[in-house]
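S.K.: Can you read through this structure? Questions will come right after.
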Amino acid sequence: MTPGEAAAEISSGQLNNFDKRLQRERYDLRKSKIEIIQVNVGKLCNQTCVHCHVDAGPSRQEIMSRETVKAVLGLIQKFGVGTVDITGGAPELNPHFDYLVEQSCLLGCRVIDRCNLTVFFEHGKDYLPEFLARHGVEVAASLPCYSRENVDKQRGKGVFDKSVEALLWLNRLGYGKKDTGLLLNLVYNPVGHYLPPNQNDLEADYKERLLEDFGIVFNRLFTITNMPISRFASSLIATKRYQEYRELLINNFNPATLDGLMCRNMLSIGWDGRLFDCDFNQMLDMAMAGQPGEKPLTVHNLDTVSLAERPVDTGRHCFGCTAGNGSSCGGSVL
Ligand code: SF4
Ligand code: SF4
């Protein structure tokens, strides 16, 4: 699905297939209390992974400004949000990343850094592991496999070896170890056009293999379903598997996942300050609208509107969150 298709689906005023499915289930998908603010600080990244739903890369210019970061912090304070989940791109490449982390910590928030691991080896970024540890930041690190071949195929040549080095570095600082309070969670997504396997079983495999092969320890493994949008959609289209993958998601729709969908208690903020129900909607440009005829909601004008009980903006991509055991930024929903 492209942003253009998403816009056409919304402006048609007709129910999309996901809404129709919700209707059949008699399920009303609405926002509950906002507990997590996910801040996408920009699309700049040192990698260009095949499955990336952000289309991130080294040439992207979209970066959250200091002014917007300050407005985000104001929102966090106003909502009394418990968790600040920082993503990108490689969020650490944003020059205001440290400020956002430090200020969020001062507000008493749990802070998550969605880290690609290789960023530690970028010029001037070797202070990051100690910085994260000093602030007690939870690291959610991408590692789609414990094999070099699969990781390098999806994320680029040499990424696996750097990832191993980075994980060992984090371990040395106490990450992933008992009683340190420094959480190191790994994020798995399939390297192909299939659903993730059972999260607990895969976590056990990862723990065994990473410990045996490299001496790496970590806390939890999160399995995430690949969303058929942006770069992953392009790769599916190029290999003529787009339709097949969409059908896989639809055929595996599981109503038991609906109560756990992350869009219910999360607010997603784009690099330019616009608000979204989730990061996927953000990439499809499905910004939250204000009152009819008004501009999209942003961190600057949210005052006027209450988010409580607001219906979630959905599209056919949402089947990516409800297939099988479900998928969210915190892993399997069930
Ligand atoms: S998946 Fe993550 S690491 Fe890979 S290009 Fe996208 S933002 Fe960068
Ligand atoms: S993509 Fe997933 S998280 Fe986003 S609105 Fe749809 S169901 Fe909710």
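The values are calculated or read from the model by the stated rules, or taken from the named source; none is laboratory data. All values reported here derive from a predicted model rather than from experimental measurement. Note: ideal-geometry Cβ built from the backbone for every residue, glycine included; neighbour counts use all protein chains shown. Accessible surface is based on the protein model in full, side chains and every heavy atom, while ligands, DNA and RNA are left aside. Shrake-Rupley method; radii C 1.70, N 1.55, O 1.52, S 1.80 Å.
S.K.: Could you point to the residue in Leu267, Gly215, Thr180 farthest towards the positive end of the chain's charge dipole, with +1 and -1 charges on the Cβ of Lys/Arg and Asp/Glu respectively?
M.R.: Leu267
S.K.: How long are the semi-axes of the equivalent ellipsoid of the chain, taking √(5λ) for every eigenvalue λ of the Cα gyration tensor, in whole Å from largest down?
M.R.: Over the Cα atoms of the chain, the semi-axes work out to 30, 25, 18 Å.
S.K.: A further question follows. Taking every DSSP beta bridge with both residues inside the chain, roughly what % is antiparallel (nearest 5)?
M.R.: 25
S.K.: Kindly state, to the nearest 0.05, the FRET efficiency for Arg134 paired with Asp161, given R0 = 25 Å and r defined as their beta-carbon distance.
M.R.: My answer for the efficiency is 0.40.
S.K.: Here's something else I'd like to know. Let me have the 222 nm mean residue ellipticity of the chain computed from DSSP H runs of 4+ only, each contributing -39500 (n - 2.57), with the sum over all residues rounded to the nearest 500.
M.R.: Calculated mean residue ellipticity at 222 nm is -10000 deg cm²/dmol.
S.K.: What does a probe at Asn17 reach in the range 243-273, counting residues whose amide N is under 14 Å from the point 7 Å along Cα→Cβ?
M.R.: Zone members listed by number: 243-254.
S.K.: Another question about this same structure. For the pair Arg172 and Glu35, how long in nm is the line joining their label points, each one 7 Å along Cα→Cβ?
M.R.: That separation, rounded to one decimal, is 3.7 nm.
S.K.: Taking Rh as the Kirkwood radius, which is the inverse of the mean 1/r over Cα pairs, what is the Rg/Rh value for the range 201-245?
M.R.: For the range 201-245, the value is 1.23.
S.K.: Which value, to two decimals, describes the C-alpha radius of gyration of the range 19-113 once divided by 2.2 N^0.38 Å?
M.R.: 1.29
S.K.: Counting only heavy atoms of protein chains, what accessible area per residue, in Å², does the range 187-334 have with a probe of 1.4 Å?
M.R.: On a per-residue basis, 42 Å².
S.K.: Between Glu149 and Asp285, 0.36 nm times their residue separation minus their Cα-Cα distance comes to what?
M.R.: Separation in residues times 0.36 nm, less the Cα-Cα distance, equals 45.6 nm.
S.K.: List the lysines whose Cα lies under 28 Å from the Cα of Lys178, skipping any in the same chain that are fewer than 8 positions away.
M.R.: Answer for Lys178, where 28 Å is the Cα cut-off: Lys125, Lys162, Lys207, listed by chain and number.
S.K.: Might you tell me the accessible area per residue for the range 135-175, computed with a 1.4 Å probe and given in Å²?
M.R.: 41
S.K.: Determine, for each peptide in 94-101, 167-174, 21-28, 276-283, the mean count of other beta carbons within 10 angstrom over its residues, then list the peptides with the highest first.
M.R.: Sorting 94-101, 167-174, 21-28, 276-283 by mean packing, highest first, produces 276-283, 94-101, 167-174, 21-28.
S.K.: How would you rank 75-84, 319-328, highest first, on the average number of other Cβ atoms within 10 Å across their residues?
M.R.: Peptide ranking by packing, descending: 319-328, 75-84.
S.K.: Run the accessible area of the range 87-149 with a 1.4 Å probe and give the carbon-and-sulfur part as a rounded percent.
M.R.: Answer for the range 87-149: carbon and sulfur cover 45 percent of the accessible area.
S.K.: Charges at C-beta only: +1 for Lys and Arg, -1 for Asp and Glu. How large is the resulting dipole of the range 27-99 about its Cα centre, in Debye rounded to 20?
M.R.: The calculation lands at about 240 debye.
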